[in-house]
């Protein structure tokens with residue numbers, strides 16, 4: 001729709017917001033008008049936070065997680081188990097796993113998964129640097145924690161091939177029915193697999 | 001949920017986004033990571049557009065629409081009918097009506113509707129300046145184009161009281177079933193009203 005803006009400044013701000021994924025024209029307008037109602041200092045702070053982030057952000061030299069320092073807080077933490085490396089797609093996955101408080105090892109952020117449809121090949125990801133980390137020694141287990149999708153599985157398999165003779169244990173996170181899922185709505189692949197891969201019940205889950 | 005960010009800069013940018021209405025933490029993260037993948041110049045342009053807008057934006061001295069100039073393009077346009085003023089809640093409504101290409105008069109942007117629940121009273125809106133515009137003369141018709149809600153109707157009634165002796169024709173936009181609405185799903189107030197307020201059909205809609 002050819003919108004008729006009464007202000008070129010407004011139009012520019014709305015168009016910038018509308019470039020963001022999942023933000024349509026109407027939402028962009030609503031967000032911009034919300035910002036207009038805030039103090040100038042709040043808007044300044046918003047704009048500055050983005051510019052500063054882009055300008056100053058670093059990626060951990062070891063695991064490629066976003067970091068304010070050369071090596072991220074997790075990789076620099078001696079209390080973590082540096083012999084176990086969990087391979088994830090992106091930094092949201094690191095945060096999700098950290099939030100479980102169930103993992104005390106370190107990470108390796110690939111920056112995506114292999115996806116020929118999207119033009120993402122192995123060389124676009126931090127796979128070679130993972131192979132390098134393993135080759136340096138000191139790593140006993142590599143946990144593949146990618147999404148259970150076709151792209152995730154392709155990437156799992158590719159990494160497996162690269163590491164199978166590297167002398168490390170290669171594991172993959174468990175798949176099955178999710179906590180609180182209703183069985184009748186669970187897809188048949190997941191459900192079938194959860195039956196085939198059933199585990200001995202010891203009175204504790 | 002207590003998110004564990006690996007970067008304070010990242011956390012700040014995400015928190016700024018998450019302050020926006022309708023943007024939760026996960027969406028904020030997704031948007032920030034999207035911006036991080038863009039060129040520095042694109043992020044700079046985004047931040048700058050917001051700061052510039054907030055700093056330089058003006059409101060039309062006549063109709064209170066957002067404008068880059070003292071008087072907006074519509075109010076300054078001699079081809080528009082300045083004897084007809086359409087009263088709307090906000091600038092999105094101006095844009096929506098302009099997009100219909102059915103209106104050639106001018107506008108008056110209230111900046112909201114009377115809503116005691118939200119602490120918005122008549123003095124918070126541009127109602128006095130509307131009364132002033134009418135008192136100056138030259139206006140023949142005031143069209144009330146507020147949302148057909150309780151707050152919109154309260155505001156319609158308040159403005160009606162203020163203008164009923166001002167010697168202008170006061171009209172309100174038509175209410176009835178919307179184009180392409182399915183009758184069976186139309187609410188009963190709208191449907192009942194559309195029957196009571198039926199118009200003579202001349203073979204043309």
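The values are calculated or read from the model by the stated rules, or taken from the named source; none is laboratory data. Everything numeric in this text was worked out from a predicted model, so none of it was measured. Note that we place each Cβ from the backbone using ideal geometry, even for glycine, and neighbour counts take in every protein chain shown.
Quick one: would you say residue A:162 is free of Cβ contacts under 8 Å to residues at least 40 places away in the same chain, farther than 20 Å from residue A:97 by Cα and in contact with a helix residue (DSSP H, G or I) (Cβ under 9 Å, 6 or more places away or on another chain)?
yes
What residue, of B:172, B:134, is modelled with pLDDT under 95 and touching a helix residue (DSSP H, G or I) at 6+ places or on another chain (Cβ under 8 Å)?
B:172
So residue A:17 fits all but one of (1) in a helix (DSSP H, G or I); (2) within 7 Å of chain B (Cβ to nearest Cβ); (3) closer than 18 Å to residue B:40 by Cα; what number is the exception?
Single failed check for residue A:17: (2).
Given (1) farther than 12 Å from residue B:64 by Cβ; (2) more than 14 Å from every other protein chain (Cβ to nearest Cβ), identify the lone condition not met by residue B:128.
If we test residue B:128 against (1) farther than 12 Å from residue B:64 by Cβ; (2) more than 14 Å from every other protein chain (Cβ to nearest Cβ), just (1) comes out false.
Being within 30 Å of residue A:75 (Cα to Cα), in contact with a strand residue (DSSP E or B) (Cβ under 6 Å, 6 or more places away or on another chain) and surrounded by 13 or more Cβ atoms within 10 Å (Cβ to Cβ): is that true of residue A:134 here?
no
With respect to residue A:108, determine if the residue is surrounded by 14 or more Cβ atoms within 10 Å (Cβ to Cβ), more than 12 Å from chain B (Cβ to nearest Cβ) and closer than 28 Å to residue A:165 by Cβ.
Spelling it out, residue A:108 is indeed surrounded by 14 or more Cβ atoms within 10 Å (Cβ to Cβ), more than 12 Å from chain B (Cβ to nearest Cβ) and closer than 28 Å to residue A:165 by Cβ.
Please verify whether segment A:4-13 includes one or more residues that are under 22 Å from the mean Cα position of the chain (by Cα) and at pLDDT 90 or above.
No: zero hits.
Can you pull out every residue in segment B:60-90 that is more than 7 Å from chain A (Cβ to nearest Cβ), under 11 Å from residue A:7 (Cβ atoms) and touching a strand residue (DSSP E or B) at 6+ places or on another chain (Cβ under 6 Å)?
Residue satisfying the conditions is B:60 alone.
For the structure I just gave you, tell me whether residue A:27 is touching a helix residue (DSSP H, G or I) at 6+ places or on another chain (Cβ under 8 Å), within 10 Å of chain B (Cβ to nearest Cβ), at pLDDT below 95 and over 23 Å from residue B:59 (Cβ atoms).
No; evaluated as a whole, the condition is false for this residue.
Does residue B:35 satisfy the criteria of being in a loop (DSSP other than H, G, I, E, B), crowded, with 16+ Cβ neighbours inside 10 Å and modelled with pLDDT of 90 or more?
No; evaluated as a whole, the condition is false for this residue.
To keep it simple, each residue is scored yes or no on (1) closer than 29 Å to residue B:18 by Cβ; (2) in contact with a helix residue (DSSP H, G or I) (Cβ under 6 Å, 6 or more places away or on another chain).
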residue: A:53; (1), (2): yes, yes
residue: A:77; (1), (2): yes, no
residue: A:103; (1), (2): yes, yes
residue: A:114; (1), (2): no, yes
residue: A:121; (1), (2): no, no
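When you scan segment A:129-154, how many residues do you find that are closer than 20 Å to residue A:60 by Cβ and within 18 Å of the chain's Cα centre (by Cα)?
Summing the residues that are closer than 20 Å to residue A:60 by Cβ and within 18 Å of the chain's Cα centre (by Cα) in segment A:129-154 gives 7.
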